[in-house]
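Data first, discussion second: the structure below is written as structure tokens.
The values are calculated or read from the model by the stated rules, or taken from the named source; none is laboratory data. Small disclaimer: the values here were computed from a predicted structure and weren't measured. Don't worry about glycine lacking a Cβ; one is built from the backbone with ideal geometry, like all the others, and counts go over all protein chains shown.
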Amino acid sequence: MGGDSRLERKRAIKIFLGIIGAGIVAAVGMQYLSSTPTKTSIYAGLALVEIKLPETLSQQAEIGLRIFEAKCADCHGANAVGQEGVAPPLVHIIYEPNHHGDESFQRAVAVGVRAHHWRFGNMPAVAGLTRADVKDIIIYVRELQRENGIF
């Protein structure tokens, strides 16, 4: 019987040491993960799509470009390519006219919009833009979309 209790004691010690070892590995792993930047933080701000720019823009789209740069590009990126961890690209099939018509852009600017296609969170309303300003922005975005085969 003495041999069985030694064997049981050895087995219990091995199990105990295994549990302690697993705890140490888990603790080190958690420390590593908590100090390692996430993909979102590593790539935050990087463009989400690559686009082709039109050779020329209409006069209204040029105006829309200037307004876009002043009011929209901080979130949606230069040329509406979106930004990782910030806001979606507007040069994307989701925003083609049959799915997101011009009025959806107007409403998004005027009253904001709840997140429904992307995981960037809700878009707040944008102060200081008139319907005419947004129309020029839409013309600019649609010209970018057209150049990139969105519609």
Residue check, ALA73 touching a Gly at 6+ places or on another chain (Cβ under 9 Å) and modelled with pLDDT of 95 or more: no
Scope segment 89-118; condition without any contact (Cβ under 8 Å) to a residue 12 or more places away in the chain and hydrophobic (A, V, I, L, M, F, W, C); matching residues: VAL113, ALA115
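Table: residues versus (1) outside any helix (DSSP H, G or I); (2) within 22 Å of TYR95 (Cβ to Cβ); (3) at pLDDT 95 or above.
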{"residue": "MET30", "(1), (2), (3)": "no, no, no"}
{"residue": "SER41", "(1), (2), (3)": "no, no, no"}
{"residue": "GLY45", "(1), (2), (3)": "yes, yes, no"}
{"residue": "LYS52", "(1), (2), (3)": "yes, yes, yes"}
{"residue": "GLU62", "(1), (2), (3)": "no, yes, yes"}
{"residue": "ARG66", "(1), (2), (3)": "no, yes, yes"}
{"residue": "GLU69", "(1), (2), (3)": "no, yes, yes"}
Residues of segment 50-97 satisfying the condition of being over 14 Å from TYR140 (Cα atoms) and in contact with a Cys (Cβ under 8 Å, 6 or more places away or on another chain): GLN83, VAL86, ALA87
Given (1) surrounded by 14 or more Cβ atoms within 10 Å (Cβ to Cβ); (2) of a type outside the set (Val, Ile, Thr); (3) touching an Asp or Glu at 6+ places or on another chain (Cβ under 6 Å), number of the condition TRP118 does not satisfy: (3)
Residues (more than 25 Å from SER58 (Cα to Cα) and polar (S, T, N, Q)) located in segment 111-151: ASN122
Filter result (touching a strand residue (DSSP E or B) at 6+ places or on another chain (Cβ under 9 Å) and buried (at least 21 other Cβ atoms within 10 Å of the Cβ)) within segment 53-82: CYS72, HIS76, GLY77
